[in-house]
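Here the structure comes first, spelled out in structure tokens, and everything after it is commentary.
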Amino acid sequence: MKILVTGGLGFIGSHTVVELQNEGFEVVVIDDCSNSSEEVLEGIKAITGKTPIFEKLDLKEKNDVEDFFQRHHDLAGVIHFAASKAVGESVERPLLYYENNIGTLVYILKELSKKNRSNFIFSSSCTVYGQADEMPITENAPVKTAESPYGNTKQMGEEIIADTCKVTEGLNAIALRYFNPMGAHPSAEIGELPLGVPQNLVPFITQTGIGIREQLSVYGDNYPTEDGTAVRDYIYVVDLAKAHVIALKRLLENKNEDNYEVFNVGTGKGSSVLDVVQSFERVSGKKLNYKIVDRRVGDIVTAYADTTKANEVLGWKSEYTLDEAMKSAWDWEQKVRSKS
Ligand SMILES: NC(=O)c1ccc[n+]([C@@H]2O[C@H](COP(=O)([O-])OP(=O)(O)OC[C@H]3O[C@@H](n4cnc5c(N)ncnc54)[C@H](O)[C@@H]3O)[C@@H](O)[C@H]2O)c1
């Protein structure tokens, strides 16, 4: 069965391509390489023995999207990762985010709506919950006003899909709300490759550990958490990739209860910034240079998932520990730097 993976050369997309190919799917990747490179194809081949079909295409180009779907009329499913994801940049350049994250989604849904039956998985985020009132966060927790245009694109994206599913019987969709993806493939052939200063904690830590960054700033140690630092739910990227394959199979096998469903994808466990730092120190045997600085305005204090729905309805569960995921991130960092 042929599956389109948009953004398939990116961090989460590339790991999902690997899991799909391991399960025997034929994968077509669309990516414009705005935040990735074609070299990722070599990593995927090294792991799976197979290079996916690749089309370098910008999904903002509506005509190219239409043309692609005409040429690939036999797609069994689409997993849509392609998006811009830097929260700070989205505040500076909102229209870029609305065009790239909403425009591309609309073009793809339009094509899928032309089919009698189509299956669609969307990359959403726990950012839709903002600072949730109760922990752990279930899928029924209210969606809060978005703090950034990026967060807004995930909320609007979900609404656009839900509205379209209501009036398009053959369209089946699942939105996966990721908590905090981290780590790299255990082979260290693919991983996270942030451009410039990493936005996420784990690549910032590994880059500091290897000496590219001087120091990690820990924003606030007086929050109402166990050690005073902010708490998140770190999900290993390979576990997350597998959740996509399971969600896709649910649709392909007609097991979905509704034609639009939402699942949290996390571990269900909260880890503080200092827990993550200590995990790095354990797996690398290095002391991390960090300092506590003032809180950042707008930062969420605590967010971790209730994964009951994903566990029981989807039949997916995270398997890897924080230390295992951290080790993969550290192995990857060392490999990337040894090449450069
Ligand atoms: N990484 C996270 O922390 C996180 C958390 C929650 C949700 N998400 C969402 O998951 C998805 C994947 O995230 P990621 O971390 O793998 O990001 P990423 O930047 O590594 O991957 C996205 C890929 O999409 C490509 N792309 C972007 N715009 C495109 C366009 N117009 N046409 C074709 N390709 C395009 C990029 O080149 C990149 O390879 C995104 O939708 C993101 O918002 C990520």
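Would you please list the contacts, defined by Cβ atoms under 9 Å and residues six or more apart or on different chains, that run from a residue in the range 58-82 that is modelled with pLDDT of 95 or more and among the basic types (Lys, Arg) to a residue that is open to solvent by 20 Å² or more (accessible area, probe 1.4 Å) and away from the ligand (no atom under 14 Å from the Cβ)?
What qualifies is Lys62/Lys110.
What residue, among those in the range 142-180 that are within 11 Å of the ligand (Cβ to nearest atom) and open to solvent by 30 Å² or more (accessible area, probe 1.4 Å), is farthest from Met326 (Cα to Cα)? Working first, answer last.
Step one: of the range 142-180, the residues within 11 Å of the ligand (Cβ to nearest atom) are 150-151, 153-154, 157, 175-180.
Checking the rest, the ones that are also open to solvent by 30 Å² or more (accessible area, probe 1.4 Å) come to 150, 180.
On the way: Tyr150: 26, Asn180: 13 Å.
Once the filter is applied, the top-ranked residue is Tyr150.
Give the range 254-305 a look and list any residue that's β-branched (Val, Ile, Thr), in a helix (DSSP H, G or I) and open to solvent by 30 Å² or more (accessible area, probe 1.4 Å), or say none.
The initial filter retains those residues of the range 254-305 that are β-branched (Val, Ile, Thr), namely 262, 265, 267, 273, 276-277, 283, 292-293, 297, 300-302.
Narrowing further to those that are in a helix (DSSP H, G or I): 273, 276-277, 283.
Of everything in the range 254-305, just one residue is β-branched (Val, Ile, Thr), in a helix (DSSP H, G or I) and open to solvent by 30 Å² or more (accessible area, probe 1.4 Å), namely Val283.
Assess whether Leu105 counts as being more than 14 Å from the ligand (Cβ to nearest atom), in contact (Cβ under 8 Å) with a residue 12 or more places away in the chain and either surrounded by 19 or more Cβ atoms within 10 Å (Cβ to Cβ) or under 20 Å from the mean Cα position of the chain (by Cα) (or both).
On the way: more than 14 Å from the ligand (Cβ to nearest atom): no; in contact (Cβ under 8 Å) with a residue 12 or more places away in the chain: yes; either surrounded by 19 or more Cβ atoms within 10 Å (Cβ to Cβ) or under 20 Å from the mean Cα position of the chain (by Cα) (or both): yes.
Judged against the criteria, Leu105 is not a match.
Right, Ile190: within 12 Å of the ligand (Cβ to nearest atom), in a loop (DSSP other than H, G, I, E, B) and among the β-branched types (Val, Ile, Thr) or not? If you could, list the steps in order and put the result at the bottom.
Values: within 12 Å of the ligand (Cβ to nearest atom): yes; in a loop (DSSP other than H, G, I, E, B): yes; among the β-branched types (Val, Ile, Thr): yes.
Considered against the rule, which asks whether it is within 12 Å of the ligand (Cβ to nearest atom), in a loop (DSSP other than H, G, I, E, B) and among the β-branched types (Val, Ile, Thr), Ile190 comes out as yes.
Go over the candidates Lys56, Lys85, Lys45, Lys114 one by one and state the one that is within 28 Å of Ala329 (Cα to Cα) and either more than 12 Å from the ligand (Cβ to nearest atom) or of a type in the set (Gly, Ala, Ser) (or both).
Numbers: Lys56 fails: either more than 12 Å from the ligand (Cβ to nearest atom) or of a type in the set (Gly, Ala, Ser) (or both); Lys85 fails: either more than 12 Å from the ligand (Cβ to nearest atom) or of a type in the set (Gly, Ala, Ser) (or both); Lys114 fails: within 28 Å of Ala329 (Cα to Cα).
Sole residue among the options that is within 28 Å of Ala329 (Cα to Cα) and either more than 12 Å from the ligand (Cβ to nearest atom) or of a type in the set (Gly, Ala, Ser) (or both): Lys45.
Among residues belonging to the range 77-96 that are over 23 Å from Leu20 (Cβ atoms) and under 16 Å from the mean Cα position of the chain (by Cα), point out the one that is surrounded by the fewest Cβ atoms within 10 Å (Cβ to Cβ). Reasoning before the result, please.
At the first step, the residues of the range 77-96 found to be over 23 Å from Leu20 (Cβ atoms) are 84, 86-96.
Among the residues that remain, those that are also under 16 Å from the mean Cα position of the chain (by Cα) are: 84, 86-87.
Values: Ser84: 19, Ala86: 18, Val87: 15.
Checking each candidate, the answer is Val87.
The values are calculated or read from the model by the stated rules, or taken from the named source; none is laboratory data. Given the structure is predicted, the values throughout are model-derived calculations rather than measurements. All Cβ positions, even for glycine, are placed from backbone atoms using ideal geometry, and neighbour counts span all protein chains on display. Surface areas here come from the heavy atoms of the whole protein model, side chains and all, with no ligands, DNA or RNA. Shrake-Rupley method; radii C 1.70, N 1.55, O 1.52, S 1.80 Å.
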